Amino acid sequence: QVQLVESGGGLVQPGGSLRLSCASSGFIFSINAMGWYRQAPGKQRELVAYITSGGITTYADSVKGRFTISRDNANKTVNLQMNSLKPEDTAVYYCLRDGFPRSWGQGTQVTVSS
């Protein structure tokens, strides 16, 4: 079974930083594209960042320059470094294995508030 486990979420003040990690198992990590998505209450789940098996990255306009996605094939993890956090970044963040079928982690809560 594909397993994806996110960690690193929490409560931070505006301007703060968090680093999310997604540990994976049950598939060949190195040949799969991976992504981070987020969903706020009452909103659709949206792409935050995406990284192909070859390391090509894509970011939502709202996070460009603030967030960085990376992957560690040796440890089978994908990370999301989030800097200069804003209240509008508040959401549940999900890790995606973009294979067949698509597989999601359980999500981790990120709250940005004073």
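The values are calculated or read from the model by the stated rules, or taken from the named source; none is laboratory data. Source: prediction; values computed, not measured. Cβ atoms come from the backbone with ideal geometry, glycine included; neighbour counts cover every protein chain shown. Ligands, DNA and RNA are excluded from the accessible area calculation, which covers all protein heavy atoms including side chains. Shrake-Rupley method; radii C 1.70, N 1.55, O 1.52, S 1.80 Å.
Take every Cα pair under 8 Å in segment 22-114 that's 6+ residues apart, average their separations, divide by the length, and report that relative contact order as a whole percent.
Working: 165 pairs, mean separation 26.9, N = 93.
Value for segment 22-114: 29 percent.
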How many percent of the alpha carbon pairs in segment 1-66 exceed a separation of 14 Å? 69
I need the phi-derived Karplus couplings for segment 68-75: 6.51 cos²θ - 1.76 cosθ + 1.60, θ = phi - 60°, integer Hz, Gly and Pro marked x. 9, 9, 8, 9, 10, 5, 5, 9
Label model pair Ser7, Lys64: point-to-point distance (7 angstrom along the Cα→beta-carbon line) in nm is 3.3
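In Å², and per residue, what accessible area does segment 55-105 have when probed at 1.4 Å with the other protein chains present?
Working: 2590 Å² over 51 residues.
For segment 55-105, the per-residue accessible area is 51 Å².
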In terms of the ratio Rg/(2.2 N^0.38 Å) built on C-alpha atoms, what value belongs to segment 48-114? 1.17
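For the chain, give me the percentage of DSSP beta bridges that are antiparallel, rounded to the nearest 5 percent.
Just about 90 percent of them are antiparallel.
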As an exercise, use a Förster radius of 25 Å and the Cβ-Cβ distance of Gln39 and Ala74 to find the FRET efficiency, rounded to the nearest 0.05. 0.25
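How many percent of the accessible area of the chain is carbon or sulfur, using a 1.4 Å probe? Mind showing how you got there, number by number?
Working: 2940 of 5930 Å².
Using a 1.4 Å probe with all protein chains present, the chain comes out at 50 percent carbon and sulfur.
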